[in-house]
Amino acid sequence: MAQFEPLKEQIEQLGASLVYVAAEKSEGVWKPAKYLSEHPSSFPFLLDEDRSVTKAYGLYHAFGHDAFRIAHPATLIVDRSGVVQYIYRGENQTDRAPVEEVLDAVRKIQDPTRTQPA
């Protein structure tokens, strides 16, 4: 959240919107309901309490040295027809998609003739 929240205006100017998804119960270990009440997000936030969304996208992380029944951190770009056009799946709980890479992927969807920067 922290990496994209400051880019709200830029994301909207690209004609995109953002939705956060957390694979946790509202009163789970990290207390996301409390956190969100104290730190409101400017984008919609889904608590994937039964992990159905996480599992549907292949992001469920049953067990790892830094994870237990949560999601791999991931960034997905889904086009208006519902097709996933970009996915970044973090290898661990601190691995996040590079912001410029994500913004370039959104720009590419907007203009398919655009090439990715080298």
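Each reported figure results from applying straightforward, stated rules to the coordinates on display, with no laboratory input. Not measured: the values here are computed from a predicted model. We place every Cβ from the backbone using ideal geometry, glycine too, and count neighbours over all the protein chains shown.
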Within the stretch 1-106, which GluC sites (Glu not before Pro) sit in a loop by DSSP and count at most 15 neighbouring Cβ atoms inside 10 Å?
-> 27, 49, 91
Along Cα→Cβ, 7 Å out, is where each label goes; now give me the distance between the ones at residue 8 and residue 96 in nm to one decimal.
-> 1.6
Inter-probe distance in nm under a simple model that places probes 7 Å from Cα toward Cβ, at residue 31 and residue 89 = 3.3
Mean 1/r over all different Cα pairs, inverted: what Kirkwood radius does the stretch 1-91 give, in Å?
-> 14.3
How far is helix 99-110 tilted, in degrees, relative to the longest principal axis of the Cα atoms in the chain, given as a value from 0 to 90 rounded to the nearest 10?
-> 50
For the chain, whose charge dipole is built from +1 on Lys and Arg Cβ atoms and -1 on Asp and Glu Cβ atoms, the candidate among 33, 72, 103 with its Cα farthest towards the positive end is 72
Summed over the other residues with a beta carbon less than 14 angstrom from that of residue 33, with K and R at +1 and D and E at -1, the charge totals -2
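Over the chain, what is the relative contact order in percent, taking alpha-carbon pairs closer than 8 angstrom and at least six residues apart? All intermediate terms of the calculation are to be shown ahead of the outcome.
Working: 144 pairs, mean separation 21.5, N = 118.
Averaging sequence separation for qualifying contacts and normalising by length gives 18 percent for the chain.
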